[in-house]
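Asker: Starting off with a structure, shown below.
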Amino acid sequence: MANPEDESIRTASEEISRSFKTLIDSRDLDSLKQSQHLILGRLQDSNAVLSHFNEYSENCFTEVSADFSRNTRLLRSMKSDLDYIFQKLRSLKAKLLAAYPDAFPDDSTMDSLDQRPDLELPR
């Protein structure tokens, strides 16, 4: 014994369901379903390729990271050494300039003496 209210809801649901079925062509639904399966397959293939690439990249990074860290430390050490050398050179140049004012040409004569090409300028 079904409740009359539940029965009327069920009947209305069936009627609405039939109405929706007449609005949509089954061939269109099949075509849509086939397209979705095709897209799903392509996305799964892409996911597999990306996963493989990530594993490969991780392996390459582990191989290179130690060398990269070592070379970074070496470059920082070299920069520190060069900074110290240039500081000493500036100090020596200042002492020479104080003792011998004509030892280094000023900027106006320096341009005429320096005939090397400027590598920073575009050609």
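Asker: Per-residue HN-Hα couplings for the range 29-42, Karplus 6.51 cos²θ - 1.76 cosθ + 1.60 at θ = phi - 60°, whole Hz, x for Gly and Pro?
Answerer: Each residue's phi maps through the Karplus curve to give 5, 5, 5, 5, 5, 5, 5, 5, 5, 5, 5, 4, x, 5 Hz.
Asker: While we're on this one: In Å², what does the accessible area per residue of the range 1-83 work out to with a 1.4 Å probe? Please report the intermediate quantities before stating the final value.
Answerer: Values: 7940 Å² over 83 residues.
On a per-residue basis, the range 1-83 sits at 96 Å².
Asker: With every protein chain present, what accessible area does Ile16 have (1.4 Å probe, heavy atoms only), rounded to the nearest 10 Å²?
Answerer: 100 Å²
Asker: For a label point 7 angstrom out from the Cα of Ile24 toward its Cβ, which stretches of the range 36-63 have the backbone nitrogen within less than 14 Å?
Answerer: 36
Asker: Moving on. For the chain, what does the helix formula give at 222 nm: sum of -39500 (n - 2.57) over DSSP H segments with n ≥ 4, over the residue count, nearest 500 deg cm²/dmol? Show your work: numbers first, answer last.
Answerer: On the way: 3 runs with 101 residues, N = 123.
Rounded to the nearest 500, the figure is -30000 deg cm²/dmol.
Asker: Take the solvent-accessible surface of the protein heavy atoms, probe 1.4 Å, and return the percent of it on the chain that carbon and sulfur atoms account for.
Answerer: On the way: 7190 of 12160 Å².
Here it works out to 59 percent.
The values are calculated or read from the model by the stated rules, or taken from the named source; none is laboratory data. Because the structure is a prediction, the values reported are computed rather than measured. As a convention, Cβ positions derive from the backbone with ideal geometry for all residues, glycine included, and neighbour counts pool all protein chains shown. Remember, those area values only see protein heavy atoms, side chains included, never the ligands or the DNA or RNA. Shrake-Rupley method; radii C 1.70, N 1.55, O 1.52, S 1.80 Å.
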